[in-house]
Amino acid sequence: MGSLPAFPEAKQGVRDDCIDEITLTDLFKEQQRHLNFFFDRMDHSQTLSFTRALLRATGTIFFTGVGKSGFVANKISQTLVSLGIRSAFLSPVDALHGDIGILSAADILVLLSKSGATDELLRLVPCARAKGARLIAVTSVQGCVLEAVCDMNVHLPLERELCPFNLAPVTSTAIQMVFGDTVAIALMGARNLSKEEYAGNHPAGKIGKSLIFKVPTRDGEVVGDKIENSISEVKDLMKKEDELPICKESDLIMDQLVELTSKGCGCLFVVDDGRHLIGTFTDGDLRRTLKASGQGIFKLTVGEMCNRKPRIIGPEAMAVEAMKKMEAPPSPVQFLPVINDDNVVIGIITLHGLVSAGL
């Protein structure tokens with residue numbers, strides 16, 4: 001095999017020290033000024049009408065655009081999909097070659113264009129209108145052709161591109177992205193999307209791990225790609241029944257060492273005859289009691305030394321809430337007793353269990 005080709009030499013006269021910190025900082029400040037121009041001049045009444053139109057949509061919300069605006073349109077559509085809103089990107093070129101068949105009278109078509117004079121979009125308009133779809137233009141040039149031929153227009157004020165030639169679409173696309181994503185979050189609030197519903201749309205990756213975990217089948221295995229996903233409530237991850245380290249208030253500490261160590265929870269749950277929680281006794285409590293009492297520990301009961309005000313959690317609470325409780329001040333803990341409405345111990349959720357599940 002031949003050697004890899006060498007990297008091409010830099011353009012003659014160009015050096016990496018031509019870009020210094022001051023120059024770069026000035027560019028960011030200039031971009032900030034251009035974005036502020038947009039924020040200071042945007043028409044909020046237009047934005048409200050646009051947002052309400054999307055909220056009332058009974059069909060699919062399609063986004064389209066050409067070039068960099070097309071990438072932004074695709075991204076905004078994907079954001080809406082992640083929020084459980086029916087949305088899709090429609091390539092204007094592909095639409096003119098058959099894909100427009102997906103449009104219906106119940107749909108909305110949002111056309112993103114800086115100039116509002118993009119030929120592919122203008123050719124798409126009469127075809128989309130023939131399908132009965134509602135057309136909304138999002139442009140940065142007032143009085144443009146696209147604005148005139150659509151049912152609604154949203155003007156995104158643009159001072160100029162950051163590009164020294166005012167050509168490369170870097171500020172205009174940033175404005176489009178900010179606009180689209182902000183509207184998406186407004187829709188998220190208007191639809192009262194819960195954390196559980198949002199997590200249900202993100203079963204993998206960092207976003208979903210705080211609320212969703214892979215739940216094994218009854219056989220304890222995950223089979224192929226058919227993973228049984230569930231919103232992770234404490235009851236899905238807790239230990240229960242024979243796995244619980246249970247003792248009575250009157251039990252001697254030294255008689256419960258096996259129970260304390262064998263269950264792997266690092267604690268004992270002190271309960272009464274009805275299994276109501278009285279307190280907890282941890283391996284840390286054991287060390288402190290031994291240091292303070294010496295041989296007197298042989299006569300002490302668990303009830304005398306237990307913590308009678310432990311942090312607790314209910315079975316319906318989310319796993320992420322359990323993690324927050326464990327990490328809360330004044331000091332973190334490694335477990336939480338899981339208590340039902342009658343203060344009966346039904347399980348234990350541990351930090352190790354949460355981490356193992358992927359939180």
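The values are calculated or read from the model by the stated rules, or taken from the named source; none is laboratory data. Just so you know, these numbers come straight off a predicted model, no measurement behind them. Don't worry about glycine lacking a Cβ; one is built from the backbone with ideal geometry, like all the others, and counts go over all protein chains shown. We work out accessible area using only protein heavy atoms, side chains counted, and drop any ligands, DNA or RNA first. Shrake-Rupley method; radii C 1.70, N 1.55, O 1.52, S 1.80 Å.
Would you mention how many residues in segment 243-271 are within 36 Å of the chain's Cα centre (by Cα), modelled with pLDDT under 90 and not in a loop (DSSP other than H, G, I, E, B)?
0
Each row is one residue, and each column tells you yes or no for (1) under 19 Å from Glu241 (Cβ atoms); (2) touching a residue at least 60 places away in the same chain (Cβ under 8 Å); (3) outside the structural domain of Pro245 (by the TED database).
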| site | (1), (2), (3) |
| --- | --- |
| Cys265 | yes, yes, no |
| Phe281 | no, no, no |
| Val302 | no, no, no |
| Val320 | no, yes, no |
| Lys325 | no, no, no |
| Pro330 | no, no, no |
| Ile346 | yes, yes, no |
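Look through Arg191, Arg288, Arg275 and report the one residue that is under 30 Å from Val81 (Cα atoms) and at pLDDT 90 or above.
From the options Arg191, Arg288, Arg275, the qualifying one is Arg191.
Working carefully through the options Ala88, Ala128, find the one that is of a type in the set (Gly, Ala, Ser), in contact with a helix residue (DSSP H, G or I) (Cβ under 8 Å, 6 or more places away or on another chain), assigned to a helix (DSSP H, G or I) and more than 25 Å from Asn166 (Cβ to Cβ).
Unique residue meeting the criteria: Ala128.
Within the group Val110, Val125, which residue is of a type in the set (A, V, I, L, M), open to solvent by less than 30 Å² (accessible area, probe 1.4 Å) and in contact with a Cys (Cβ under 8 Å, 6 or more places away or on another chain)?
Within the list Val110, Val125, the selection yields Val125.
Could you check segment 67-78 and list, in sequence order, the residues that are surrounded by fewer than 19 Cβ atoms within 10 Å (Cβ to Cβ) and either touching a Lys or Arg at 6+ places or on another chain (Cβ under 8 Å) or part of a helix (DSSP H, G or I) (or both)? Walk me through how you get there before you give the answer.
Within segment 67-78, the subset surrounded by fewer than 19 Cβ atoms within 10 Å (Cβ to Cβ) is 67-68, 71, 74-75, 78.
Listed by number, the residues that qualify are Lys68, Phe71, Asn74, Lys75, Gln78.
Check segment 323-338 and report whether any residue there is within 13 Å of Leu237 (Cβ to Cβ), assigned to a helix (DSSP H, G or I) and open to solvent by 20 Å² or more (accessible area, probe 1.4 Å). Talk me through it step by step, then tell me what you get.
Step one: list which residues in segment 323-338 are within 13 Å of Leu237 (Cβ to Cβ), which gives 323, 326, 335-336, 338.
Going one step further and asking which of them are assigned to a helix (DSSP H, G or I), we end up with 323, 326.
Cutting the leftovers down to open to solvent by 20 Å² or more (accessible area, probe 1.4 Å) gives us 323.
Looking through segment 323-338, at least one residue is within 13 Å of Leu237 (Cβ to Cβ), assigned to a helix (DSSP H, G or I) and open to solvent by 20 Å² or more (accessible area, probe 1.4 Å).
Six or more apart or on different chains, Cβ atoms under 7 Å: show the pairs whose first residue is in segment 83-95 and farther than 16 Å from Ser69 by Cα and of a type outside the set (A, V, I, L, M) and whose second is open to solvent by 20 Å² or more (accessible area, probe 1.4 Å) and at pLDDT below 95.
Gly84/Leu193; Gly84/Glu197; Gly84/Asn201; Ser87/Val81
Among the residues of segment 272-306, which ones are surrounded by 15 or more Cβ atoms within 10 Å (Cβ to Cβ) and assigned to a strand (DSSP E or B)?
Leu277, Ile278, Gly279, Thr280, Phe281, Thr282, Thr301
Is one or more of the residues making up segment 310-320 under 30 Å from Asp273 (Cα atoms), surrounded by fewer than 16 Cβ atoms within 10 Å (Cβ to Cβ) and touching a His at 6+ places or on another chain (Cβ under 8 Å)?
No - not one qualifying residue is present in segment 310-320.
Filter segment 58-80 down to residues that are of a type in the set (Val, Ile, Thr) and free of Cβ contacts under 8 Å to residues at least 60 places away in the same chain, then give me how many there are.
4
Taking segment 137-169 as the region of interest, how many residues are part of a helix (DSSP H, G or I) and either open to solvent by 20 Å² or more (accessible area, probe 1.4 Å) or free of Cβ contacts under 8 Å to residues at least 12 places away in the same chain (or both)?
4
Hey, Ser45 hits all of (1) in contact with a helix residue (DSSP H, G or I) (Cβ under 9 Å, 6 or more places away or on another chain); (2) among the hydroxyl-bearing types (Ser, Thr, Tyr); (3) open to solvent by 50 Å² or more (accessible area, probe 1.4 Å) but one; which does it fall short on?
(1)
Any residue at all in segment 170-184 that is part of a helix (DSSP H, G or I) and either at pLDDT below 95 or touching a His at 6+ places or on another chain (Cβ under 7 Å) (or both)?
Yes, that holds for at least one residue.
Regarding Asp236, is this residue closer than 25 Å to Ser356 by Cβ, in a helix (DSSP H, G or I) and in contact with a Ser or Thr (Cβ under 8 Å, 6 or more places away or on another chain)?
In short, yes.
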